[in-house]
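First comes the structure, then the notes that go with it.
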Amino acid sequence: MPSDPGGGPVEPFGVLFVCTGNICRSPTAEALARRELARHPGVPLEVSSAGSHALEGNPAASRSMLAASTRGASLERHFARELTRRRVRSAGLILCMAAEHRPFVLSYDRSAANRTFLLATFARVAGEWDWLAGSPAELVALAAEHGRELDGDDVEDPLGHPADAYAACAERLDGLVTPVIAALVKTMPVGSRGST
């Protein structure tokens with residue numbers, strides 16, 4: 001495990017992706033994040049996902065599995081997880097797929113407001129401000145200060161739509177998750193970034 005300048009181990013920074021059922025959007029985002037993190041072995045970032053209305057243990061939607069796999073991300077071993085107070089409290093950054101998910105996050109922990117964002121909003125801010133942040137927590141604080149949601153920041157739910165909707169969703173998520181992980185890795189203290 002990487003160590004901080006004081007010699008102790010670096011606490012992993014947790015990122016939680018949230019959608020409704022945890023079978024399409026948030027697990028795809030998590031899988032894409034894992035794909036990106038594989039390029040930085042040893043980086044103390046942990047990614048997970050949960051759903052505001054998830055049925056614990058459901059497999060990922062088959063069309064999401066296919067859309068993710070075409071982008072080099074696997075949902076084969078994914079099983080839906082319910083959003084819980086413990087999951088919210090242990091995350092340093094919570095990225096919601098749509099504005100409708102935020103109230104569910106905050107119902108578990110009001111203090112999560114300054115670390116809960118729409119994925120698209122955070123991706124935009126991370127790209128602009130990562131150079132100023134010396135840690136993931138600092139990047140989250142900058143996003144809380146400078147992040148502004150725009151129309152269209154919600155990632156639409158492909159559930160029940162044709163396969164091309166899942167492909168479009170995975171493509172959009174890829175374009176948002178990739179820069180977020182890159183920005184978070186960049187803010188890690190030197191020595192904890194793994195090999196690049």
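The values are calculated or read from the model by the stated rules, or taken from the named source; none is laboratory data. All of these numbers come straight from a predicted model, not from anything done at the bench. Virtual Cβ from ideal backbone geometry, glycine too; neighbours counted across all protein chains shown. The area values use the complete protein model at the heavy-atom level, side chains included, leaving out ligands, DNA and RNA. Shrake-Rupley method; radii C 1.70, N 1.55, O 1.52, S 1.80 Å.
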Q. Counting each DSSP H run of 4 or more residues in the chain as -39500 (n - 2.57), what helix-only mean residue ellipticity at 222 nm follows after dividing by all residues, to the nearest 500 deg cm²/dmol?
A. -12500 deg cm²/dmol
(Q) Is there a quick way to get the dipole size of region 122-196? I mean about its Cα centre, with the Cβ of Lys and Arg at +1 and of Asp and Glu at -1; what is the value in debye to the nearest 20? (A) 480
Q.
What is the angle, in °, between the Cα long axis of helix 136-146 and the longest principal axis of the Cα atoms in the chain? Nearest 10 is fine, range 0 to 90.
A. 70
(Q) So for each of 76-87, 43-54 I average, over its residues, the number of other beta carbons within 10 Å; can you give me the resulting order with the highest mean first? (A) 43-54, 76-87
Q) If one puts a single equal scatterer on every Cα of the chain and applies the Debye formula without solvent, what log₁₀ I(q)/I(0) results at q = 0.09, 0.12, 0.19 Å⁻¹? A) -0.30, -0.54, -1.36
Q | Inter-label distance for residue 144 and residue 100, nm, one decimal - labels placed 7 Å from Cα along Cα-to-Cβ | A | 2.8
**Q.** Cα-derived Rg to Rh of region 83-141, Kirkwood definition
**A.** 0.98
**Q.** Solvent-accessible area per residue for the chain (1.4 angstrom probe, square angstrom)
**A.** 48
(Q) With +1 assigned to the C-beta of every Lys and Arg and -1 to the C-beta of every Asp and Glu, and no other charges, what is the dipole magnitude of the chain about the Cα centre in debye, to the nearest 20? (A) 440
Q.
Check which residues have an amide H placed less than 5 Å from residue 49's amide H, if you skip close sequence neighbours.
A. 17
Q | √(5λ) per eigenvalue of the Cα gyration tensor, region 44-95, largest first, Å | A | 22, 15, 8
Q) Short version: what are the Cα gyration tensor semi-axes of region 102-195, square root of 5 times each eigenvalue, largest first, in whole Å? A) 25, 18, 12
**Q.** Nearest-ten-degree value, helix 25-37 long axis tilted from longest Cα axis of the chain
**A.** 40
